[in-house]
Amino acid sequence: YQSRLIIKSIFIDISVIHLFVFLTLVHQVAEKIEALGQFVMKTRRTLKGHGNKVLCMDWCRDKRRIVSSSQDGKVIVWDAYTTNKEHAVTMPCTWVMACAYAPSGCAVACGGLDNKCSVYPLSLDKNENLAAKKKSVAMHTNYLSSCSFTNSDMQILTSSGDGTCALWDVESGQLLQSFHGHSADVLSLNLAPSETGNTFVSGGCDKKANVWDMRSGQNVQSFETHESDINCVKYYPSGDAFATGSDDATCRLYDLRADREVAIYSKESIIFGASSVDFSLSGRLLFAGYNDYTINVWDVLKGTRVAILFGHENRVSSVRVSPDGTAFCSGSWDSTLRVSVRFRFSGESDLRNILYSMVLLFTGIRDYRW
């Protein structure tokens with residue numbers, strides 16, 4: 001009997017703590033953290049070569065090369081330093097909605113309205129016909145919306161308009177695992193940082209963000225607080241949280257340990273949907289591309305907007321911070337990609353990498369890599 005009372009007391013204590021966490025938002029925890037100062041970015045390179053809307057882009061781990069895909073059916077590999085095109089592939093379909101660099105930098109994957117994910121090995125010979133070496137890896141029953149290699153070149157994750165995600169073996173093209181749980185088109189996926197295990201998050205037209213176990217195929221967590229389609233998902237650098245961007249004109253942050261939404265990034269003046277999001281390397285900043293041609297930069301801790309980036313002449317479709325955090329690239333329906341660098345904040349504090357919690361302790365960081 002006494003043991004039951006102790007267990008009941010512990011359960012009540014946990015319930016009280018959970019209620020406190022549930023009623024607490026990140027910006028409330030971070031009230032005493034010093035605010036960021038003025039944020040300044042400068043465009044260093046503009047990559048021109050696509051004949052239509054840029055739909056997706058990804059950085060190579062060498063921090064120099066970029067792959068992009070477009071409505072014109074072309075996939076281009078760029079040297080971001082020189083703006084030279086190193087490789088170009090014409091796909092058999094238009095609307096190439098997904099592209100990704102392999103971890104080794106020796107291959108790229110892409111797909112779209114052909115319902116396939118194709119992998120192209122890259123060689124040092126710029127004149128080599130890459131199409132002849134194409135390997136069709138994945139086959140969905142509707143368009144391919146996103147793809148991402150796992151932590152090796154041997155496996156790839158895909159999401160599709162058929163409402164599923166799937167894990168494939170690149171060499172054999174064999175389906176290793178399928179993930180069912182969305183009730184509408186899946187628009188985006190993102191693999192967790194390697195140190196956090198075998199999970200990934202997906203978002204779609206059913207307004208849900210689902211977290212999956214790659215080994216079992218099970219949906220281990222699900223979040224549904226958006227009011228419209230979730231266009232993009234991105235893990236926080238630590239892997240303990242992830243951000244979403246939606247057609248409801250908001251970006252949101254979800255903590256996996258607290259099992260809930262902990263922040264909303266929005267303003268009354270923002271009425272267009274968010275199409276793509278990415279974190280700075282430190283996690284203090286959230287970059288979000290919008291359909292109104294702008295990129296909003298949010299202070300993750302404070303929940304405030306620290307900058308608006310202009311320059312594109314049409315919808316911003318993709319935003320990505322380089323692997324070393326020193327550069328930022330955005331792709332747009334204006335057919336261009338813009339590579340930018342950041343100057344330091346004015347009044348930037350000397351806070352060091354404190355990993356947060358509430359169960360979350362979010363922190364401020366001074367980091368020249370953001």
Original post:
Where the centroid of each part is defined by its Cα atoms, how far is the stretch 51-111 from the stretch 193-260 in Å?
Top reply: 25
Original post:
Rg(Cα) of the stretch 219-308 divided by 2.2 N^0.38 Å?
Top reply: 0.99
Original post:
Given the stretch 37-159 reduced to its alpha-carbon atoms as identical point scatterers, what log10 I(q)/I(0) does the Debye formula return at q = 0.18, 0.19, 0.22 Å⁻¹?
Top reply: -0.90, -0.99, -1.31
**OP:** Give the peptides 35-48, 311-324, 239-252 in descending order of average Cβ contacts within 10 Å, highest first.
**Re:** 239-252, 311-324, 35-48
Subject >> Low-density loop cleavage sites - chymotrypsin sites (Phe, Trp or Tyr not before Pro) in the stretch 70-162, where at most 15 other Cβ are within 10 Å (DSSP) >> reply: 81
Subject >> Ratio Rg/Rh [Cα only; Rh per Kirkwood] for the stretch 185-339 >> reply: 0.95
Subject >> Cα pair distances in the stretch 31-343, grouped into 10 Å bins until the bin that holds the longest one, percent each >> reply: 6, 29, 38, 22, 4, 0
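For 328, 272, which order do you get if you count the other beta carbons within 10 Å of each Cβ and list the fewest first?
Lowest to highest Cβ neighbour count: 272, 328.
Past 18 Å, Cα to Cα, is the threshold; run 32/302; 85/234; 42/74; 63/85 against it and keep the listed order. Before the final figure, lay out each step's value.
Values: 32/302 10 Å; 85/234 28 Å; 42/74 28 Å; 63/85 16 Å.
Those over the limit are 85/234; 42/74.
Taken together, the values in this text are just the output of simple stated rules run on the coordinates, not laboratory data. Keep in mind the model is a prediction, meaning the values are calculated, not measured. Using ideal geometry, Cβ is built from the backbone for each residue, glycine included, and neighbour counts are taken over all protein chains shown.
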